[in-house]
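Working notes, beginning with the structure itself.
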Amino acid sequence: MRSCMLVLGLLVACTEEARPPNLILVSIDGLRADRTGIGGNPNAPSPVLDRLASEGVWFSQAFSQSNESLYSHSSLFTGRYVSELAAADYRTFVLPDEALLLGEVLGLYGYSTAAFVAGGHVRAEYGFDQGTSVFDDSYDFGTFFHKVPQALDWIEDQAREPYFLILHGYDCHRPYLHGGPWSHAYGSDYNGRVDRLLASRRSTEKVYNGVYYPDFPLNHFFHQGGDRILDPEGYRRINTWTSAKGVPLKEDDIEHLRDHYDGGVLAADLQIGRFLSELEQLDKLDNTVVILTSDHGEDLHDHGYFNHRTNLVDSTTKVPLVIWGTDAVGRRDDLASAIDVVPTMLALAGAKPPAELRGRDLLADVAPAEIVFQEGVLGQISARTATHRLTFSGFSLTFPHYALALEAAVLSSGHFELYDLRSDPKELQNVVTEQPKVAEQLRGELLQWRRGMVQSDFRGEQPTDPALKAILKARGYW
């Protein structure tokens, strides 16, 4: 009898040991890598993230696949490029039913799945709820303050099966206006006009090259799904805007805007710390792997803007990426990107990756990536290596002859920008004519990538509301 009990105990122990880990994916919307403590920010507004990085694996050269939430999260949750999933048209982009999301695959392997996201462009209307048992996108443009309690309640109710959770918040996102202690967590001795400027949700979108243009018209369009969205094409107009009412901003004004942004980083970080601390108290953190990252950065006036949708540059696409809870520890300086998250999490779960996945398992012993490819909402594509970035622009991503235009365009035509990150880390000096061999090599890489991609022509369903149809038709979107 005793030997039978011993065998039974060993079987139970083996079963517990073989149980795949719980998986948590945290998307800190709008968090730029170098505004964290580990990224070199002297304000050090991310003590929790910094500690997790020291206890896990920190990828110092990690990038999003785009410079906007809708596109970037699509790649983050599927492991594929935007143009492969649906027509890369900002007015119509929706994930099709055929897209396999991470939660959908993990559900097939016995995982309980849930997503507590903060709305905005990460909503069910855009297809992000596919295959997830619980999907909550309430609190539109909400923060981790709103989403953490929901996530904790759900995890507390989970039984023995492993769970997969997505947690998302807009704490760092424009307009950088936070209440309570986050409002002036940094730069509290400042006494200028920025606080009044931030009182209007859209004001930071009207800043260009150190001048605030209060009368600059911010145009909007209606997505085919019905959402009213700020038109990113406006950024192309503001750089030629001339207004007698432009208000120059001083350097301390610009720096205080950055301080406000850092206040949002601190708010997000402390809520994530609260989340993990309460999980530990609930005894729900054992055998759990947490991946923390972001969907894009924020320019913060490095290139004259306070937004993220204008350019494909490091300030808008270089993001933190930390994997905590595995045996792997240390800093990694090889290139990583959002499309690597899905294959990494599937490998941790012991799940077979879908054939169409683009990324790699970041914890496997495989050759590191040499190039990160990205797509922007204004039609840009970019190849980012360890030393250079080449960007091609001037055409819609849905233009049927995009690859031909990329191949035929003259390097000095204005369609290309090449930055040497070794001497110009902020990407301010276009050296496409000074380094034509590098530019041609990266153009070839972009061509091979683009031509090797089966691009989708799927567009979201058109809205059925007659009033909305009339508005869209009147504005040229129907």
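Numbers for the structure displayed
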item: Lone qualifier among LEU312, LEU292, LEU321, LEU300 - being hydrophobic (A, V, I, L, M, F, W, C), farther than 24 Å from GLY56 by Cα and buried (at least 24 other Cβ atoms within 10 Å of the Cβ); result: LEU312
item: Residue within segment 153-164 that is hydroxyl-bearing (Ser, Thr, Tyr), outside any loop (DSSP other than H, G, I, E, B) and at pLDDT 85 or above present; result: yes
item: Near pairs, Cβ below 7 angstrom, 6+ apart or cross-chain, from segment 80-94 (touching a residue at least 12 places away in the same chain (Cβ under 8 Å)) to any residue that is surrounded by fewer than 22 Cβ atoms within 10 Å (Cβ to Cβ) and of a type in the set (D, E, K, R); result: ARG80/GLU356; ARG80/ARG358; TYR81/ARG358; ALA86/ARG459; ALA87/ASP457; ALA87/ARG459; ASP89/ARG459; THR92/ARG459
item: Residue list for segment 15-64, filter: of a type in the set (Gly, Ala, Ser) and under 16 Å from the mean Cα position of the chain (by Cα); result: SER27, GLY30, ALA33, SER60, ALA62, SER64
item: Some residue of segment 122-138 being without any contact (Cβ under 8 Å) to a residue 24 or more places away in the chain, touching a His at 6+ places or on another chain (Cβ under 9 Å) and at positive phi; result: no
item: Residues of segment 97-123 satisfying the condition of being closer than 15 Å to ASP137 by Cα and of a type in the set (Phe, Trp, Tyr); result: PHE116
item: Some residue of segment 179-188 being among the hydrophobic types (A, V, I, L, M, F, W, C), farther than 25 Å from ASP340 by Cα and either out of contact with any strand residue (DSSP E or B) (no Cβ under 9 Å at 6 or more places or on another chain) or in a helix (DSSP H, G or I) (or both); result: yes
item: From the options SER54, SER66, SER46, residue that is buried (at least 24 other Cβ atoms within 10 Å of the Cβ), under 12 Å from VAL322 (Cβ atoms), hydroxyl-bearing (Ser, Thr, Tyr) and modelled with pLDDT of 95 or more; result: SER46
item: Counted residues, segment 302-340 - those being within 19 Å of the chain's Cα centre (by Cα) and more than 25 Å from GLU427 (Cβ to Cβ); result: 2
item: Qualifying residues in segment 394-446 (those that are in contact (Cβ under 8 Å) with a residue 12 or more places away in the chain and among the basic types (Lys, Arg)) - the one farthest from ALA369 (Cα to Cα); result: LYS426
item: Qualifying residue in segment 232-240 (condition: part of a loop (DSSP other than H, G, I, E, B), at pLDDT 80 or above and more than 20 Å from the chain's Cα centre (by Cα)); result: no
item: Conditions (1) assigned to a helix (DSSP H, G or I); (2) touching a strand residue (DSSP E or B) at 6+ places or on another chain (Cβ under 7 Å); (3) not hydroxyl-bearing (Ser, Thr, Tyr): number failed by HIS168; result: (1)
item: Residue check for VAL148: surrounded by fewer than 18 Cβ atoms within 10 Å (Cβ to Cβ) and either in contact with a strand residue (DSSP E or B) (Cβ under 6 Å, 6 or more places away or on another chain) or among the β-branched types (Val, Ile, Thr) (or both); result: no
item: Matching residues in segment 391-422 - criterion: being charged (D, E, K, R) and within 16 Å of LYS437 (Cα to Cα); result: GLU407, GLU417, ASP420
item: Residue in segment 374-385 that is surrounded by fewer than 16 Cβ atoms within 10 Å (Cβ to Cβ) and touching a residue at least 24 places away in the same chain (Cβ under 8 Å) present; result: no
item: Members of segment 25-58 found to be touching a residue at least 40 places away in the same chain (Cβ under 8 Å), out of contact with any Leu (no Cβ under 9 Å at 6 or more places or on another chain) and in a helix (DSSP H, G or I), listed by number; result: ASP34, GLU55
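The values are calculated or read from the model by the stated rules, or taken from the named source; none is laboratory data. Please read these numbers as outputs of a predicted model, since none were measured by experiment. Because the Cβ atoms are built from the backbone with ideal geometry, glycine has one as well, and the counts that use them run over all protein chains shown.
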